[in-house]
Amino acid sequence: MRIIGGAWRGRRLTAVGKGDTAAHLRPTTDRVRESIFNLLVNGGHGDVLTDARVLDVFAGTGALGLEALSRGAASATFIEQGRKSLAILRDNIALLGADARIIARDARRPGDGTAHDLIFLDPPYGQRLGETAIAALRTGGWLAQDALIVWEESMPPTLSDLTPIDQRRYGDTFVTLARSQKGLANP
């Protein structure tokens, strides 16, 4: 794995092989990550990266949030609870010298947080954990008004309280873009 574009373009990240299926560590491939960022930059959604407050949920290796930082995001917060994933995430942040925050918690129970503009949601495939996480993030104040959510899953997600914008399929991966309709739970 490597950073695809921006200031850290070409920098290698910690090797994970094919991931750790027992820990549900399934890194987003470089090809899918590049497609996601092409969609964000060239998809007619405005400048969603420059100075964005990014939240990478079910962060795994952190590749999505780190890619966003490389491309001009102001900050990144990573929510992850797996021990192996946390170790790789910390290594990747150190490799790049990134200024980032890690929340070592279950994404379905993140607690209270601060509002973020761009949310990457990459839950373990086929378990419908993303729907629970989005509801908890909204309740905890993690979603800014009109936050853009980039949801990677093996099936199209249920988008209650989200406005669908776009959906693409890359092999066995669906990438869904949506906007938060309600934003903060307690504005």
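The values are calculated or read from the model by the stated rules, or taken from the named source; none is laboratory data. Predicted model only: the values in this text are computed from it and were never measured. Glycine gets a Cβ as well: all are built from the backbone with ideal geometry, and neighbour counts include every protein chain shown.
Taking the range 127-150 as the range and being closer than 23 Å to residue 37 by Cα and small (Gly, Ala, Ser) as the test, the residues that pass are 130, 133, 144, 147. Selection over the range 88-98 of residues that are touching a helix residue (DSSP H, G or I) at 6+ places or on another chain (Cβ under 8 Å) and not small (Gly, Ala, Ser) gives a count of 3. Being more than 15 Å from the chain's Cα centre (by Cα), over 14 Å from residue 14 (Cβ atoms) and surrounded by fewer than 20 Cβ atoms within 10 Å (Cβ to Cβ) holds for only one residue in 108, 101, 83, 90, and it is 83. Among the numbered criteria (1) in contact with a Ser or Thr (Cβ under 7 Å, 6 or more places away or on another chain); (2) more than 25 Å from residue 164 (Cα to Cα); (3) surrounded by fewer than 22 Cβ atoms within 10 Å (Cβ to Cβ); (4) modelled with pLDDT of 95 or more, which single criterion is violated by residue 53? Checking residue 53 against (1) in contact with a Ser or Thr (Cβ under 7 Å, 6 or more places away or on another chain); (2) more than 25 Å from residue 164 (Cα to Cα); (3) surrounded by fewer than 22 Cβ atoms within 10 Å (Cβ to Cβ); (4) modelled with pLDDT of 95 or more, the one that fails is (2). Total residues in the range 27-55 satisfying the condition of being without any contact (Cβ under 8 Å) to a residue 40 or more places away in the chain, of a type in the set (A, V, I, L, M) and assigned to a loop (DSSP other than H, G, I, E, B): the figure is 0. In the range 150-174, the residue that is farthest from residue 121 (Cα to Cα) out of those that are buried (at least 20 other Cβ atoms within 10 Å of the Cβ) and touching a Phe, Trp or Tyr at 6+ places or on another chain (Cβ under 7 Å) is 157.
Scanning the range 159-178 for residues that are over 17 Å from the mean Cα position of the chain (by Cα), hydroxyl-bearing (Ser, Thr, Tyr) and closer than 15 Å to residue 131 by Cβ returns a single hit, 160.
Taking first residues from the range 158-169 that are assigned to a strand (DSSP E or B) and partners that are β-branched (Val, Ile, Thr), the Cβ contacts under 6 Å between residues at least 6 apart in sequence or on separate chains come to 167/176; 168/175.
Against the test of being at pLDDT 95 or above, closer than 23 Å to residue 107 by Cα and either surrounded by fewer than 23 Cβ atoms within 10 Å (Cβ to Cβ) or small (Gly, Ala, Ser) (or both), the options 23, 68 yield a single qualifying residue, 68.
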